[in-house]
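Engineer: Sending over a structure as structure tokens; questions will come in a sec.
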Amino acid sequence: MKPRTPYLVLLLLALLLAACADQSTESEQSTENSERITENQANTPQSPVSNLQSPSTIWQPAPGTSWQWQLTGDIDTSLDVVMYDIDLFDAPPAVIEELKGDGRIVICYFSAGSFEEWREDAADFPEEALGETLDGWPDERWLDIRHRAAIEPIMARRLDTAVQKGCDGVEPDNVTAYANDSGFDISEADQIAYNIWLADAAHARGLSIGLKNALDLVDLLEPHFDWALNEECYQYDECAALRPFTQAGKAVFGVEYEGDPAEFCPVMNELGYDWLFKRLDLDAWRIACQDEP
């Protein structure tokens, strides 16, 4: 007569088989979840930050870099300087080619914070994003940079144009709407977010980018920008605010439109800033502080 299996043994075997089945199911679910997460990550649009070029491929000038800033008139390409800052829209492609052929760095200017009715892409700006006119510039209106869905694609296309034209970097102007009578309730946080987006979008395209003015934001924004450009900090006794750039080994470019170069050039040279004396229309004429005794 075959001996009977004790009841407790059968019960233990049943529980063991059930546990094995549960572990198998959990393993399959874990594999499915892992595959789903991987698929979702692959389908998620990448931030421009994740596409940054290697720092070695983006121009980041050191203090002492010579330069010329000309936004009007026929570009004088004869100057023996490292960098030319010229207008993105108005500079002829042949001039950019000539400068780069001579080994110059070409920076292309555009306004990232104002509407200019004469630009070729003026029709792209929605009316609701246009604010008050800029003080001293009646043909320009502040942009509502909080209107990101409308403004950022336009600026992205301008950055693409800079790449297509062979620019090595960009100088986006009017990035201080929060501190001006723009007609909009733009906060400092709004401005910081927009300026960082500009820097990330430029870097994602391999472009160098400078922080224009925005002295109150230098401490926060210096890590995101490759150099700085300022107007008239000597006249308004604000130049110390730019020191974080030179302390980080980055160039500070700038101009004075008034005053005596014999007075301000020694100060700028001592600070390690690369300063010019220019006319307000930014034609070819210049006095470079680096050339002054």
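The values are calculated or read from the model by the stated rules, or taken from the named source; none is laboratory data. Just so it is clear, the structure is predicted and the values come from calculations on it, not from any experiment. Note that we place each Cβ from the backbone using ideal geometry, even for glycine, and neighbour counts take in every protein chain shown. SASA here: full protein model, heavy atoms, side chains in, ligands and nucleic acids out. Shrake-Rupley method; radii C 1.70, N 1.55, O 1.52, S 1.80 Å.
Engineer: Give Glu117, Glu132, Glu128 a once-over and let me know the one that is farther than 20 Å from Leu211 by Cα and in contact with a His (Cβ under 9 Å, 6 or more places away or on another chain).
Structural biologist: Matching residue, one of Glu117, Glu132, Glu128: Glu128.
Engineer: Filter region 181-208 for residues that are over 13 Å from the mean Cα position of the chain (by Cα) and farther than 14 Å from Ala112 by Cβ; which is surrounded by the most Cβ atoms within 10 Å (Cβ to Cβ)?
Structural biologist: Phe184
Engineer: Also: Starting from residues that are of a type in the set (Gly, Ala, Ser) and in a helix (DSSP H, G or I), keep the ones in region 230-284 and report whichever is surrounded by the most Cβ atoms within 10 Å (Cβ to Cβ).
Structural biologist: Applying the filter and picking the extreme gives Ala241.
Engineer: Restricting region 92-147 to residues that are among the basic types (Lys, Arg) and either open to solvent by less than 30 Å² (accessible area, probe 1.4 Å) or in a strand (DSSP E or B) (or both), which is nearest to Asn180 (Cα to Cα)?
Structural biologist: Applying the filter and picking the extreme gives Arg141.
Yes/no matrix, rows are residues, columns are (1) under 23 Å from the mean Cα position of the chain (by Cα); (2) more than 30 Å from Cys289 (Cβ to Cβ):
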{"residue": "Leu79", "(1), (2)": "no, no"}
{"residue": "Ile86", "(1), (2)": "yes, no"}
{"residue": "Glu97", "(1), (2)": "no, no"}
{"residue": "Ile107", "(1), (2)": "yes, no"}
{"residue": "Phe115", "(1), (2)": "yes, yes"}
{"residue": "Leu130", "(1), (2)": "yes, yes"}
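Engineer: Condition first: of a type in the set (Gly, Ala, Ser) and open to solvent by 10 Å² or more (accessible area, probe 1.4 Å). Now tell me which residues in region 158-180 satisfy that.
Structural biologist: Of everything in region 158-180, those that are of a type in the set (Gly, Ala, Ser) and open to solvent by 10 Å² or more (accessible area, probe 1.4 Å) turn out to be Gly166, Ala179.
Engineer: Hey, another quick one. So which of Trp285, Trp275 ends up being farther than 22 Å from Gly166 by Cα and in contact with an Asp or Glu (Cβ under 8 Å, 6 or more places away or on another chain)?
Structural biologist: Trp275
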